[in-house]
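Since the structure comes first, as structure tokens, the remarks are kept for the end.
Read the figures in this text as sums done on the coordinates, not as results from a lab. Just so it is clear, the model here is predicted, and its values are computed rather than measured. Methodologically, a virtual Cβ is constructed for each residue, glycine included, from the backbone with ideal geometry; neighbour enumeration extends over all protein chains shown.
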Amino acid sequence: MKKKEQRLTSEQVGSIVKMLGLTTDREFNCAECLQHVSEFAECQLANKPVGEVIVSVEQHLALCPECREEYEALMKILKSE
Amino acid sequence: MSQNEINWPAALRATDSGEQAAAVHALREQLQSGLRIALNGRSDVSEAHLEDFAQESLVRVLDRLDQFQGRSKFTTWAQAIALNVAFTELRRKRWQDVSLDELMAEGERLAGPAMMADDVLGADEERTRLVAALRNAIEKELTPKQRAAILGELRELPFDQIVALLGTSRSAGYKLLHDARRALKRRLHEAGITAADIQNAFD
């Protein structure tokens, strides 16, 4: 990390706010998201309604950029099949 | 038989060593093919990397076979694991030079006035008030490790890298961050400020 990057930008303050807005008492962690993301991806691809469990996947993907990156890569593979 | 029709868990557990070896080979090929599509165009990924990722992913999938619940296609489930393996390694390489001291020092500054760039506040009094409340909550509610972890997330450090730097486990690191977010939300709520108030001020 370089010194000149040490101040927060509007976008980063916005990220904190977004994180707080999405925070709930019970959330999936990354391992739980990984366990269910394949089901979520297939539902999204088929435009099928998502159940209660995979709503938690959607919430985690909104909060976690790493899991979102992996989900988007998974969708890229599924769409190529 | 097409690959979609294979009963993968059964084939991978087959007692017939020939059948099992064929399934292992086919799955490794499929994972590598998927990774090639997903990582296409990245300058930091070679064919040798794809082979390594596919092999490591295969081991991980075989270790977790009992966790497959059949709620998606087996190959989709396995591919999600392979992507996790590959991206985790790529992120680790990208951020391996960040030190704990650096992260902790920056985390401490998160509560300080110098941390917010001028363009965050501008001349807007409402923005200034809300950011002051947010900064106060960060200072009063969070531990140094929680500040460092949030800072790490804002800097887009991989979560694995953050927990490694903090010397904690993934689950403990996740709880650390979750508790931090809940504490900030509660503190702002007590001050009569909702996340929507701040969001609106910065839209």
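At a glance:
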| quantity | calculated |
| --- | --- |
| Peptide-level mean, for A:46-54, of C-beta atoms on other protein chains within 10 Å | 0 |
| Dipole magnitude of region B:121-203 about its Cα centre (Cβ charges: Lys, Arg +1; Asp, Glu -1), debye to nearest 20 | 400 debye |
| Rg and Dmax [Cα atoms of chain B; Å; Rg one decimal, Dmax integer] | 22.9, 74 |
| Angle in degrees between helix B:144-154 and the longest Cα principal axis of chain B, rounded to the nearest 10 | 70 degrees |
| For region B:1-83, alpha-carbon Rg relative to the globular expectation (2.2 N^0.38 Å, N residues) | 1.09 |
| Selected from B:Leu130, B:Leu188, B:Ser99, residue furthest toward positive end of dipole (chain B; charges at beta carbon) | B:Leu188 |
| Translational diffusion coefficient (Stokes-Einstein; Kirkwood radius from C-alpha pairs) of the protein assembly as shown at 4 °C, 1.567 mPa s, in µm²/s | 63 µm²/s |
| Table column - 3J(HN,Hα) (Hz), region B:32-47, Karplus curve with 6.51, -1.76, 1.60, x for Gly and Pro | 5, 5, x, 5, 4, 5, 5, 9, 4, x, 7, 6, 8, 10, 9, 5 |
| Magnitude of the charge dipole, the protein assembly as shown, Cβ model with Lys/Arg +1 and Asp/Glu -1, debye to 20 | 500 debye |
| For region B:53-69, 3J(HN,Hα) per residue [Karplus equation, 6.51 cos²θ - 1.76 cosθ + 1.60, θ = phi - 60°, Hz, x = Gly/Pro] | 4, 5, 5, 5, 5, 4, 4, 5, 4, 5, 5, 9, 3, 5, 7, 6, 9 |
| Angle in degrees between helix B:100-109 and the longest Cα principal axis of chain B, rounded to the nearest 10 | 40 degrees |
| Exercise: per-residue mean of other protein chain Cβ atoms within 10 Å, B:63-72 | 3 |
| Cα lying deepest toward the dipole's positive end in the protein assembly as shown, options B:Leu157, B:Ser46, B:Phe68, charges on Cβ | B:Leu157 |
| Modelled FRET efficiency - R0 45 Å, B:Ser99 with B:Thr15, Cβ distances, 0.05 increments | 0.35 |
| Shielding by partners - mean other protein chain Cβ count within 10 Å, residues of B:73-85 | 6 |
| Estimated vicinal HN-Hα couplings, Hz - region A:38-46 in sequence order (Karplus 6.51, -1.76, 1.60; Gly, Pro = x) | 5, 5, 4, 4, 5, 5, 4, 5, 8 |
| Amide H partners (placed H, <5 Å) of A:Leu8, local residues excluded | B:Met116, B:Ala117 |
| Computed over chain A, Kirkwood Rh from alpha-carbon pairs, angstrom | 14.2 Å |
